[in-house]
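Report on one structure; see the data block that follows.
The values are calculated or read from the model by the stated rules, or taken from the named source; none is laboratory data. Note that the coordinates shown come from a computational prediction; the quantities given were computed from them, not determined experimentally. For neighbour counting, all protein chains shown are included, and Cβ atoms are generated from backbone atoms with ideal geometry for every residue, glycine included.
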Amino acid sequence: MRRVYIETYGCQMNVSDSELMFGVLGRDGYVRTDDPAVADVLLINTCAVRDHAEQRVLGRMGELKRYKRPGDVMGVVGCMAQRLGPKLLASVPQVDLVIGPDGYRALPELIARARDGQRAAEVEFKQWEHYEDVPPVRDNPISAFVTVQRGCDYRCTFCIVPMTRGPERSRKLADVVGEVARLAHGGTSEVTLLGQTVNSYHDGEHDFADRAVGAVDGIRRLRFTSPYPTDFTPRVLAAMAETPAVCEHVHLPVQSGSARTLKRMLRRYDRRQYLDVVAALRATVPGIALSTDIIVGFPGETEGDFQETLSLVEAVAFDDAYTFKYSVREGTPAVKIKDHVSEETKTERIGRLIEVVRRVAKRKNVGLVGSAHEVLVEGPAKRGDLLQARTRTNKIALLEGPPDWIGTYRHVRFTGTTGSTFTAWPLDDYGVLARSGGEVAWR
């Protein structure tokens, strides 16, 4: 029995791609292992968005090489593999394979060749590749990622993605609906649709406003990420409002609150237009929660530009934000923009930004204490004997309950918050906690 170990870094798309690779290799007789020490094949699925992510992978390869026995194969796959290609083979002798996101179908053949001493790189873009015939091997029966779009045509000056994932292309809607229906039949009730600019989806006949996925019987929650702000057309907004499964949460990347910086980033909106999209979403979906991505220290960013970002966070009142220092990516247009910001300034600014983000989020979350919500119980909490659950608005709640609640929906009341997560109490009649002699029983 041959075993494969995959370690995944980066975004949800990479998680989905790792599930595809398990599917590709499963058809060739491989079984999954979570222990690199017993693996015959070790793969690292990589991110290339920031230099820090690549340096982390290089360090991890040095750690994993100690598990590589004679005859074993180590490969680097994903976006970093696509970006560096054969250079990785030259710089890291322990690596046998370098495979980009469109090359996973060739994994069994390339692994076999590597065992014969033929190291290889497969980094050709294939605009037709959607892996439709490959059943992903998922380890979460409750919630699933479904990729509907690959690549990106939006040439933001800071972004490496068009160079690592190629041109944008969308799967046929019928194929997406078929996959979601199979998931629902297997008991999955929450699906997240994935794409680099997911709401620009168009398969030549259907666009993102088509409601077929949300109408699949058994799908109770439908999410999507990451959308592009100006692709929220009136049709898409109407579909969101009229599809009960669509959750009241949108991750809406802004990157900067300064119109001047947004223009240099080649984002297709300015500050006012972004705020208009926020207003349209809130008018369409009452109670919607919004999260975002923000970059600090983009070349030419002044203190005034940064202050506009801080004021935007306050104005929108984001529920959460992922914050990053600008990272130089070789081959992107931003490398040539003048007036790069010093690392010291970037570090100081991101500290101030995180403080504002946390303060705004905590203020909102404190206001939710005492309110009631439907949650999907996802599994055991990382610490303690509690369960972790998630609301439709993407809030994390920790509650007491029996293990058989995992995968079910419960009604809870928020009883407290740390500022980011909540404690909660079940409200269902059949979820009453009874204590007898220090023992906990559920009835």
Within 28 Å of R223 (Cα to Cα) and of a type in the set (D, E) - does that describe any residue in segment 317-332? yes
Restricted to segment 1-14 and to residues being in contact with a Phe, Trp or Tyr (Cβ under 6 Å, 6 or more places away or on another chain) and without any contact (Cβ under 8 Å) to a residue 40 or more places away in the chain, the residue farthest from I160 (Cα to Cα) is R2
Just checking, does segment 408-422 include any residue being hydrophobic (A, V, I, L, M, F, W, C), within 23 Å of the chain's Cα centre (by Cα) and not assigned by TED's automatic domain parsing to the domain that holds L281? yes
Restricting to segment 197-224, what's the tally of residues that are crowded, with 20+ Cβ neighbours inside 10 Å and either hydroxyl-bearing (S, T, Y) or on the phi > 0 side of the Ramachandran plot (or both)? 3
Run down I337, I396, I354 and say which single residue is out of contact with any Leu (no Cβ under 9 Å at 6 or more places or on another chain) and closer than 30 Å to L84 by Cβ. I337
Residue within segment 339-346 that is touching a helix residue (DSSP H, G or I) at 6+ places or on another chain (Cβ under 7 Å) and not in a loop (DSSP other than H, G, I, E, B) present: no
Would you be able to say whether some residue in segment 138-156 is of a type in the set (F, W, Y), outside the structural domain of Y30 (by TED's automatic domain parsing), buried (at least 21 other Cβ atoms within 10 Å of the Cβ) and not in a strand (DSSP E or B)? no
For segment 386-443, name all the residues that are hydrophobic (A, V, I, L, M, F, W, C), part of a loop (DSSP other than H, G, I, E, B) and modelled with pLDDT under 90. V432
Restricting attention to segment 87-109, the residues that are at pLDDT 95 or above and in a helix (DSSP H, G or I) number exactly 6
Filter result (of a type in the set (S, T, N, Q) and on the phi > 0 side of the Ramachandran plot) within segment 232-273: Q255
The condition of being of a type in the set (K, R), at pLDDT 95 or above and over 30 Å from D293 (Cβ atoms) holds, among R32, R69, R115, only for R32
Pairs, first surrounded by fewer than 17 Cβ atoms within 10 Å (Cβ to Cβ) in segment 15-31, second of a type in the set (K, R), C-beta under 7 Å, six or more apart: G29/R2; V31/R3
Would you confirm, using the coordinates I've provided, whether V313 is in contact with a Gly (Cβ under 9 Å, 6 or more places away or on another chain), of a type outside the set (D, E, K, R) and not assigned by TED's automatic domain parsing to the domain that holds R267? no
Just need a number here: residues in segment 41-86 that are of a type in the set (V, I, T) and part of a loop (DSSP other than H, G, I, E, B). 1
Top-ranked residue of segment 380-406 - restricted to ones that are among the small types (G, A, S) and either within 17 Å of A245 (Cβ to Cβ) or without any contact (Cβ under 8 Å) to a residue 40 or more places away in the chain (or both), ranked as surrounded by the fewest Cβ atoms within 10 Å (Cβ to Cβ): G384
Of all residues in segment 165-194 being assigned to a loop (DSSP other than H, G, I, E, B), at negative phi and in contact with an Asp or Glu (Cβ under 9 Å, 6 or more places away or on another chain), the one that is surrounded by the fewest Cβ atoms within 10 Å (Cβ to Cβ): P167
All-but-one check, A90 against (1) surrounded by fewer than 17 Cβ atoms within 10 Å (Cβ to Cβ); (2) under 18 Å from I6 (Cβ atoms), failing number (2)
